[in-house]
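The values are calculated or read from the model by the stated rules, or taken from the named source; none is laboratory data. On a predicted model such as this, the values are computed, not experimentally measured, just so you know. Because the Cβ atoms are built from the backbone with ideal geometry, glycine has one as well, and the counts that use them run over all protein chains shown.
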């Protein structure tokens with residue numbers, strides 16, 4: 001028997017590729033493609049299900065264009081009979097499994113019309129049969145509605161939860177469009193589904209009124225203007241996670257998929273991408289934005305961090321997930337660490353479990369009932385494996401979701417405790433997420449023009465290292481790239497398994513007097529990391545010493561005239577060229593008496609000069625001559641940091657005349 005229900009669907013054209021790219025960037029998938037593309041799965045092997053409301057008044061169109069190149073590799077089955085092309089279904093499919101979605105590639109897709117799916121096609125509402133078996137891994141429902149009575153709506157919710165628990169598939173459902181606190185009676189108030197709203201907040205949200213009141217919906221939001229198209233973004237992300245979880249090394253049992261995938265999505269959702277977000281110990285989700293905004297990068301990062309088990313003797317990392325069971329009136333504890341030496345990080349943990357839906361058949365009547373275990377979640381400060389102060393807790397009395405969020409969590413030891421206050425064994429999915437911290441420091445803060453010595457800046461991450469990490473950079477300082485140093489990239493990527501990369505600051509040598517210049521590198525803001533905005537790595541590029549001296553002694557205009565500031569120029573007309581004034585530490589624009597004095601050194605003609613400590617690029621020498629024509633090297637008798645002395649190699653009383661002169665050069 002079929003029941004009438006109201007459906008809601010917005011007709012639209014296929015989403016253009018440019019818009020597709022935008023939302024994939026927004027949820028972090030483009031980053032994931034760039035850094036982990038070779039390992040990304042293409043689609044769950046078990047396939048997908050898409051359920052759609054009738055689009056046209058003639059009740060003939062519910063399917064996307066199954067012949068379109070947008071869906072190459074997909075094998076379609078029209079489960080509700082023949083259909084023309086629905087533009088709404090086409091746009092949903094584009095976001096869900098199209099070639100530009102998160103799960104392109106070959107896989108079967110079952111297509112249902114929603115009325116058919118509710119009735120004989122799958123749920124079999126108001127019959128003595130249980131729902132049909134779902135062979136596919138993900139269901140997407142971009143429609144809302146209601147049956148003729150709330151009793152039928154409640155039965156539909158029970159039947160769907162029963163099927164999800166029995167068959168182990170993930171089910172994404174859309175809330176209504178519009179800023180309302182009235183949730184759709186069908187689909188949008190379930191326990192085991194993942195209900196979806198909009199990042200802009202323009203969707204129905206708040207407390208459930210059906211099948212136990214005061215639970216919070218939606219579970220998560222995504223960046224679109226309509227819930228019809230935000231929902232398949234979540235479904236596609238779930239498909240990506242399922243495809244990875246079903247493969248090595250995880251081989252996660254299908255029965256655990258809906259709980260684990262939901263926990264991964266909720267724990268990784270971002271809070272700073274919505275207008276406001278808050279929860280309380282008794283209200284795990286935000287009343288409008290649920291766990292926050294969809295982030296595929298964060299979710300996949302948790303997944304790749306690894307599957308862990310509860311332990312009182314093993315410390316876990318800052319990201320992880322679990323698929324476990326907690327016994328009656330017992331707890332499961334997960335100790336973990338936020339590495340020391342890093343900035344504080346936002347932290348989120350999500351716990352999900354299923355209610356127990358049971359059914360009995362009596363003649364042609366089937367009755368349904370459900371019970372829900374009560375699990376709580378607490379975050380503790382820890383000292384090694386000893387629990388300390390409770391920092392946060394999630395204690396909802398009615399929901400099957402608990403969520404803890406800390407905007408900042410300092411480095412240190414912590415523990416998450418799952419507490420079952422009920423009398424039944426309960427399987428759960430659990431995930432927690434923190435952002436890797438990135439620091440920057442100059443490990444060699446000096447670069448030199450004179451010999452090409454490069455400076456170096458180290459970028460270091462703490463936290464999980466299983467995936468590559470993209471680190472955007474902000475580069476400033478008084479030095480100009482290309483002109484003063486070889487240009488740096490705008491970002492670096494830290495390879496998997498490594499914690500550091502090093503940037504070389506290679507100076508460009510020139511003959512210009514520019515003084516010391518700085519290169520300042522800092523970590524730019526990014527959704528995938530935390531950093532200390534005030535932290536920088538600074539490398540100083542030292543000018544050639546003579547050029548630095550010229551820079552400090554001549555004006556900008558004078559530096560452009562070699563007759564004033566060049567090596568051989570004598571701007572003060574004291575017969576001492578600039579290079580000599582530099583070597584001897586004399587002011588170039590004030591006349592000086594000759595500072596090099598002849599002396600007698602053990603009977604030899606000699607000279608002595610006091611050296612400038614700043615003139616580190618000068619080569620010191622002296623020459624002797626009998627006639628001012630032929631010059632030969634003198635004997636150097638002293639050449640230390642402050643004094644230079646040299647003498648003739650012929651005694652004074654053995655020659656009629658001898659001449660000695662100072663000889664200085666620089667590279």
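Where strands (runs of 3 or more DSSP E) fall entirely within the range 69-153, those with at least 3 residues that are at pLDDT 95 or above and surrounded by fewer than 22 Cβ atoms within 10 Å (Cβ to Cβ) are at 74-78. So which residues in the range 643-667 are touching a helix residue (DSSP H, G or I) at 6+ places or on another chain (Cβ under 8 Å) and either loosely packed, with under 12 Cβ neighbours inside 10 Å or free of Cβ contacts under 8 Å to residues at least 60 places away in the same chain (or both), if there are any at all? If the condition is that a residue be touching a helix residue (DSSP H, G or I) at 6+ places or on another chain (Cβ under 8 Å) and either loosely packed, with under 12 Cβ neighbours inside 10 Å or free of Cβ contacts under 8 Å to residues at least 60 places away in the same chain (or both), then 658 is the only one that fits.
Residue 48: assigned by TED's automatic domain parsing to the domain that holds residue 245, buried (at least 22 other Cβ atoms within 10 Å of the Cβ) and at pLDDT 95 or above, yes or no? It is true that residue 48 is assigned by TED's automatic domain parsing to the domain that holds residue 245, buried (at least 22 other Cβ atoms within 10 Å of the Cβ) and at pLDDT 95 or above. The requirement of being modelled with pLDDT under 85 and part of a helix (DSSP H, G or I) is not satisfied by residue 32. Which residues, taken from the range 354-376, are more than 23 Å from residue 153 (Cβ to Cβ) and touching a strand residue (DSSP E or B) at 6+ places or on another chain (Cβ under 8 Å)? 373, 374, 375, 376, listed by residue number. Yes or no: the range 382-395 includes at least one residue that is surrounded by 17 or more Cβ atoms within 10 Å (Cβ to Cβ), without any contact (Cβ under 8 Å) to a residue 60 or more places away in the chain and either assigned by TED's automatic domain parsing to the domain that holds residue 153 or under 21 Å from the mean Cα position of the chain (by Cα) (or both). Within the range 382-395 (the criterion being surrounded by 17 or more Cβ atoms within 10 Å (Cβ to Cβ), without any contact (Cβ under 8 Å) to a residue 60 or more places away in the chain and either assigned by TED's automatic domain parsing to the domain that holds residue 153 or under 21 Å from the mean Cα position of the chain (by Cα) (or both)), the answer is no, since none of the residues qualifies. Scanning the range 608-639 for residues that are part of a loop (DSSP other than H, G, I, E, B) and over 15 Å from residue 660 (Cα atoms) turns up 611, 612, 613, 614, 615, 616, 617, 618. Scanning the range 537-570 for residues that are surrounded by fewer than 20 Cβ atoms within 10 Å (Cβ to Cβ) and assigned to a loop (DSSP other than H, G, I, E, B) gives 555, 560, 561, 566, 567, 568, 569, 570. Across the range 215-246, the number of residues qualifying as assigned to a loop (DSSP other than H, G, I, E, B), out of contact with any helix residue (DSSP H, G or I) (no Cβ under 6 Å at 6 or more places or on another chain), more than 17 Å from residue 169 (Cβ to Cβ) and touching a residue at least 60 places away in the same chain (Cβ under 8 Å) comes to 3.
In contact (Cβ under 8 Å) with a residue 12 or more places away in the chain and in contact with a strand residue (DSSP E or B) (Cβ under 6 Å, 6 or more places away or on another chain), is that true of residue 199? Yes: the conditions hold for residue 199.
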